[in-house]
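Some notes on the structure that comes next.
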């Protein structure tokens with residue numbers, strides 16, 4: 001039986017990982033600052049957690065997860081204390097006992113009381129005899145920023161800063177400084193110093209101590225507002241945290257330092273009215289902002305690994321329930337996407353995988369989830385080698401539902417036909433799952449994908465399987481848009497929604513009844529006027545006609561606009577209530593010249609039309 | 001009780017100046033030294049609260065002297081004195097454990113600020 005096969009595999013592998021953990025712990029005892037060792041330890045705990053969770057051994061998963069958290073803290077510290085090693089060895093013993101329980105088919109013992117015996121945070125515990133750092137490093141606080149500025153008349157500013165750094169080190173631990181002590185030793189520095197200090201001392205106490213140095217012109221604590229905010233989390237924001245590597249934080253502090261230098265430079269230029277330098281200063285600022293933007297995006301990125309685990313679990317559970325033998329493959333789980341997108345897509349992807357198990361695979365087969373990057377997009381594909389979708393049956397259903405007329409039903413391409421399963425009316429049809437080979441809820445999936453600015457593509461060959469591909473933007477907040485103009489107003493469309501923008505000559509327009517059509521590649525696309533859709537007055541005839549090829553309701557269309565302005569990278573802001581209720585507009589952005597431009601959401605506009 | 005200082009400088013003129021500044025502020029001068037070797041001996045004899053140490057001196061220089069003093073007494077509070085333009089020497093001294101520095105030519109208020117701040121710690 002499959003379950004027992006899994007059980008054996010799990011027991012063997014978990015025992016191996018556990019053994020490795022113990023080995024590494026013992027090694028670390030003699031070299032507590034071996035980063036690679038700590039990393040490896042973390043990976044072992046991570047593996048155990050993942051396996052245990054998949055097998056629904058909740059106590060084991062819980063303990064492994066707890067260890068993972070502790071080890072992550074050790075990673076941040078860059079060392080592991082002897083006390084902590086002992087604790088982890090104890091934990092390994094408990095894991096061993098849990099494995100015994102599982103092996104003997106007994107209920108797992110509770111780990112709650114064991115976890116309770118461990119201190120919550122890991123301090124930089126100093127083992128006796130080392131006495132080097134006696135300050136506790138509270139891991140959860142990432143220190144406070146202190147910005148120091150020297151008077152211009154101070155002699156040997158590097159030496160002064162070095163003295164100040166040493167003084168600050170008396171108050172706590174210096175996590176970072178720009179410039180660093182080494183930089184100062186090399187000589188050459190500006191008149192400010194940015195320090196991230198981890199200290200138990202109250203800020204005003206530190207401030208008071210620093211005020212004793214009359215060499216200082218200014219002492220400020222830049223991130224205070226942020227810290228205060230963090231202390232009082234608003235309701236519902238609790239889960240919205242991202243784990244950020246210290247390396248990224250390093251980049252941030254360096255950038256902050258450089259921005260401060262830049263600010264001073266610009267202030268100086270202003271003071272001395274030295275306009276020749278201005279261009280340099282602004283150029284520098286542009287570079288720094290671009291860099292900062294890039295880094296901030298990085299912070300928001302998470303990999304698909306967590307999601308992949310969730311999916312593999314779904315496949316595992318479902319296949320067991322239905323007695324199907326399914327191989328689940330994941331490729332590209334290391335691809336990173338904006339956290340918000342990953343969160344939005346978790347449910348839809350689970351749904352797609354569920355559909356593949358329920359309706360795609362008949363008895364046995366393979367389901368694969370693949371993710372890869374194509375320029376500024378991420379593609380996620382769920383594929384199965386099951387029965388595929390039956391185009392004929394979908395055609396019939398569509399006719400019955402009145403989604404297609406007889407002529408359309410004959411001429412529609414399979415690709416467009418498949419898109420119909422994402423229609424709300426279509427997917428709720430009874431027995432749809434059984435007849436077409438695809439289940440319910442695809443409308444929900446498609447809506448979710450479009451909400452994050454993506455596109456959903458369906459490919460299916462009867463007897464060979466179905467592939468559903470999501471084309472997603474990398475980030476929600478900052479996206480590339482195509483700016484178009486219509487009746488003197490500029491509007492933006494997410495580039496992910498645009499197939500192509502072209503200009504055609506008026507004589508390329510053909511008509512089919514009342515509908516104007518255009519030949520695009522080897523298809524005839526209906527032409528829609530953006531002016532008409534937005535109920536703007538009809539404009540003067542255009543030559544050439546600017547056309548945005550986009551997808552609407554699963555069909556490619558040519559959207560006529562007054563002018564194609566160009567592509568921009570913009571920061572999209574959600575509209576505040578009640579404006580967020582406006583159909584057809586999914587947000588706004590401010591262009592470089594100060595103009596506010598709204599983001600067009602044609603899909604929802606069309607849905608409104610149909611509802612009427 | 002008044003604070004006790006050891007003044008180390010090879011120039012009599014500088015020693016006199018420093019002495020006046022310290023005495024006026026109520027300090028007790030435990031000894032004066034004109035080179036590194038003397039400074040080390042005087043330090044261990046008197047264990048003063050503070051040392052004002054010139055960096056460039058014939059024989060054993062200030063930096064080597066302060067390293068040796070700190071070797072035996074890691075808590076020693078040593079302020080180095082140096083002429084303007086000897087930035088690298090000052091940096092080296094601080095790196096070696098000097099608690100602060102004074103740049104010549106100095107004014108009484110400056111010197112006192114540095115040393116009082118150090119003693120108040």
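The values are calculated or read from the model by the stated rules, or taken from the named source; none is laboratory data. The shown structure was predicted, so the numbers you read here are calculated from the model rather than taken from an experiment. Here Cβ is always computed from backbone atoms with ideal geometry, including for glycine, and neighbour counts include all displayed protein chains.
Here are some conditions: (1) more than 13 Å from chain A (Cβ to nearest Cβ); (2) crowded, with 17+ Cβ neighbours inside 10 Å. Residue B:86 meets all but one. Which one does it not meet?
Answer for residue B:86: the failing condition is (1).
Considering only residues that are part of a loop (DSSP other than H, G, I, E, B) and either at pLDDT below 80 or on the phi > 0 side of the Ramachandran plot (or both), which ones fall in region A:201-237?
Within region A:201-237, A:222, A:223, A:232, A:233, A:234, A:235, A:236, A:237 qualify.
Does region A:508-515 contain at least one residue that is assigned to a strand (DSSP E or B) and surrounded by 16 or more Cβ atoms within 10 Å (Cβ to Cβ)?
Yes, region A:508-515 has at least one match.
For residue A:547, state whether it is in the same structural domain as residue A:483 (by TED's automatic domain parsing), outside any helix (DSSP H, G or I) and within 38 Å of the chain's Cα centre (by Cα).
Yes: the conditions hold for residue A:547.
Suppose the filter is in contact with a helix residue (DSSP H, G or I) (Cβ under 8 Å, 6 or more places away or on another chain), within 30 Å of residue A:340 (Cα to Cα), crowded, with 16+ Cβ neighbours inside 10 Å and not assigned by TED's automatic domain parsing to the domain that holds residue A:46; does residue A:266 pass it?
Answer is no for this residue.
Yes or no: region B:76-83 includes at least one residue that is surrounded by fewer than 17 Cβ atoms within 10 Å (Cβ to Cβ) and away from chain A (no Cβ under 12 Å).
Checked against the condition, which is being surrounded by fewer than 17 Cβ atoms within 10 Å (Cβ to Cβ) and away from chain A (no Cβ under 12 Å), region B:76-83 yields no hits at all.
Residue B:106: within 14 Å of another protein chain (Cβ to nearest Cβ), farther than 14 Å from residue B:4 by Cα and assigned to a strand (DSSP E or B), yes or no?
The answer is no for residue B:106.
Which is assigned to a helix (DSSP H, G or I), assigned by TED's automatic domain parsing to the domain that holds residue A:444 and closer than 22 Å to residue A:245 by Cβ, of A:333, A:347, A:356, A:308?
Testing whether each residue is assigned to a helix (DSSP H, G or I), assigned by TED's automatic domain parsing to the domain that holds residue A:444 and closer than 22 Å to residue A:245 by Cβ leaves just A:308.
Could you say whether any residue in region B:28-41 is touching a strand residue (DSSP E or B) at 6+ places or on another chain (Cβ under 7 Å), surrounded by 22 or more Cβ atoms within 10 Å (Cβ to Cβ) and over 15 Å from residue B:61 (Cα atoms)?
So far as region B:28-41 goes, no, none of its residues is touching a strand residue (DSSP E or B) at 6+ places or on another chain (Cβ under 7 Å), surrounded by 22 or more Cβ atoms within 10 Å (Cβ to Cβ) and over 15 Å from residue B:61 (Cα atoms).
How many residues does region A:155-164 contain that are touching a helix residue (DSSP H, G or I) at 6+ places or on another chain (Cβ under 8 Å) and within 9 Å of chain B (Cβ to nearest Cβ)?
5
Take the residues in region A:165-181 that are at the interface with chain B (Cβ under 10 Å from one of its Cβ atoms) and either assigned to a loop (DSSP other than H, G, I, E, B) or under 38 Å from the mean Cα position of the chain (by Cα) (or both); name whichever of them is surrounded by the most Cβ atoms within 10 Å (Cβ to Cβ).
Of region A:165-181, the ones at the interface with chain B (Cβ under 10 Å from one of its Cβ atoms) are A:165-167, A:170, A:181.
Imposing the further condition that a residue be either assigned to a loop (DSSP other than H, G, I, E, B) or under 38 Å from the mean Cα position of the chain (by Cα) (or both) reduces the set to A:165, A:181.
Numbers: A:165: 20, A:181: 18.
Filtering region A:165-181 for residues that are at the interface with chain B (Cβ under 10 Å from one of its Cβ atoms) and either assigned to a loop (DSSP other than H, G, I, E, B) or under 38 Å from the mean Cα position of the chain (by Cα) (or both), the one surrounded by the most Cβ atoms within 10 Å (Cβ to Cβ) comes out as A:165.
Only one of these conditions is not met by residue B:117: (1) more than 9 Å from chain A (Cβ to nearest Cβ); (2) farther than 18 Å from residue A:158 by Cβ; (3) in contact with a strand residue (DSSP E or B) (Cβ under 9 Å, 6 or more places away or on another chain). Which number is it?
Only one criterion in (1) more than 9 Å from chain A (Cβ to nearest Cβ); (2) farther than 18 Å from residue A:158 by Cβ; (3) in contact with a strand residue (DSSP E or B) (Cβ under 9 Å, 6 or more places away or on another chain) is unmet by residue B:117, namely (1).
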